[in-house]
Amino acid sequence: SSEQVILVKHRHNLGLAISLKDGYLKALTTNPDIIVRADADKEYPLYPVKHLISKLYESEDFSGCYVETKRTVETSGVADWLFHTIFGIIEGRILFNKIMHQHSPGLHIYKYSTVRYFAPLLSSIIEKYQLKWGLDLIILFFAGQTGEIMQFTANNPDWRERRPVTKIFSQIKHATKIMSLIRQNRI
């Protein structure tokens with residue numbers, strides 16, 4: 001099989017939500033079996049991707065999976081570690097009734113049928129709630145409606161990120177908004 005990469009580029013930074021939406025919509029036009037979404041910061045190990053794709057092919061029950069990095073105080077600092085740990089627990093319980101070890105993991109793998117289900121819903125949600133961030137949580141929520149979502153947690157001791165407190169507060173605000181909308185059945 002041949003591998004193909006299609007670059008979707010905007011003239012200006014439109015935010016992560018619009019970039020994700022446009023990427024998923026473009027991926028659908030290629031009619032792939034599997035769609036992989038990865039953050040550009042290389043935080044996530046790629047070694048489980050082949051294994052997880054095999055698991056998706058093996059089971060009709062699974063609609064997708066995500067890879068998360070388990071944060072530590074040493075790799076992320078106290079503020080970032082607290083944020084990711086606390087919000088991972090909250091988001092995991094609301095989205096899947098299980099613990100996630102990280103807020104909003106950035107490596108997702110979905111079956112084509114899963115993306116075909118959620119991608120058409122994204123534009124109206126972005127517009128209605130004026131989202132810049134947080135769409136990945138909504139995508140996880142929708143993907144979970146089409147089947148079981150596998151979780152792969154990795155330790156990445158080489159990863160180092162100390163987000164500014166202002167960015168953490170912004171992410172707290174967005175994650176709280178998204179989780180509130182989901183809990184209120186408004187999404």
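The values are calculated or read from the model by the stated rules, or taken from the named source; none is laboratory data. Predicted, not measured: the structure shown is a model, and the values here were computed from it. Neighbour counts run over all protein chains shown; Cβ positions are idealised from the backbone, glycine included. We work out accessible area using only protein heavy atoms, side chains counted, and drop any ligands, DNA or RNA first. Shrake-Rupley method; radii C 1.70, N 1.55, O 1.52, S 1.80 Å.
Using only alpha carbons, build the gyration tensor for segment 76-187 and give me the equivalent ellipsoid semi-axes, biggest first, whole Å.
Details: eigenvalues 110, 61, 33 Å².
So the three semi-axes of segment 76-187 are 23, 17, 13 Å.
Label separation (THR176 vs VAL8): 3.1 nm, computed from points 7 Å beyond Cα along the C-beta direction.
GLU161 to ILE53: FRET efficiency via 1/(1 + (r/R0)^6), r the Cβ-Cβ distance, R0 30 Å, to the nearest 0.05?
Values: r = 27 Å, r/R0 = 0.88.
Efficiency at R0 = 30 Å is approximately 0.70.
Counting only protein heavy atoms and a probe of 1.4 Å, the accessible surface of the chain is 53% carbon and sulfur. Measuring with a 1.4 angstrom probe and ignoring ligands and nucleic acids, TYR117 comes out at about 100 Å² accessible. Under a 5 Å amide H cut-off, with hydrogens placed 1.01 Å from N, GLU148 pairs with PHE62, SER63 among residues at least 5 apart or on other chains.
For the pairs LYS55/LYS128; LYS9/LYS128; LYS50/LYS177; LYS55/LYS167, note any where the Cα-Cα span goes beyond 30 Å.
Working: LYS55/LYS128 35 Å; LYS9/LYS128 23 Å; LYS50/LYS177 34 Å; LYS55/LYS167 35 Å.
Checking Cα-Cα distances, LYS55/LYS128; LYS50/LYS177; LYS55/LYS167 exceed 30 Å.
With helices as the sole contributors, the chain gives -17500 deg cm²/dmol at 222 nm; each DSSP H run of n ≥ 4 counts as -39500 (n - 2.57), and the sum is divided by every residue.
Using a probe radius of 1.4 Å on heavy atoms only, what accessible surface per residue do you get for the chain? Whole Å² is fine. Could the numbers behind the result be given before it?
Working: 10480 Å² over 187 residues.
Accessible area per residue, the chain: 56 Å².
Remark on the chain: hydrodynamic radius 17.0 angstrom, per the Kirkwood mean of 1/r across alpha carbon pairs. Each principal axis of segment 130-185 carries a Cα extent, and these read 34, 28, 16 Å when sorted largest first.
Among the GluC sites (Glu not before Pro) within segment 44-87, those in coil by DSSP and having at most 15 neighbouring Cβ atoms inside 10 Å are GLU60. Semi-axes of the equivalent ellipsoid of segment 61-103 are 22, 12, 5 Å, computed as sqrt(5λ) over the eigenvalues of the C-alpha gyration tensor in descending order.
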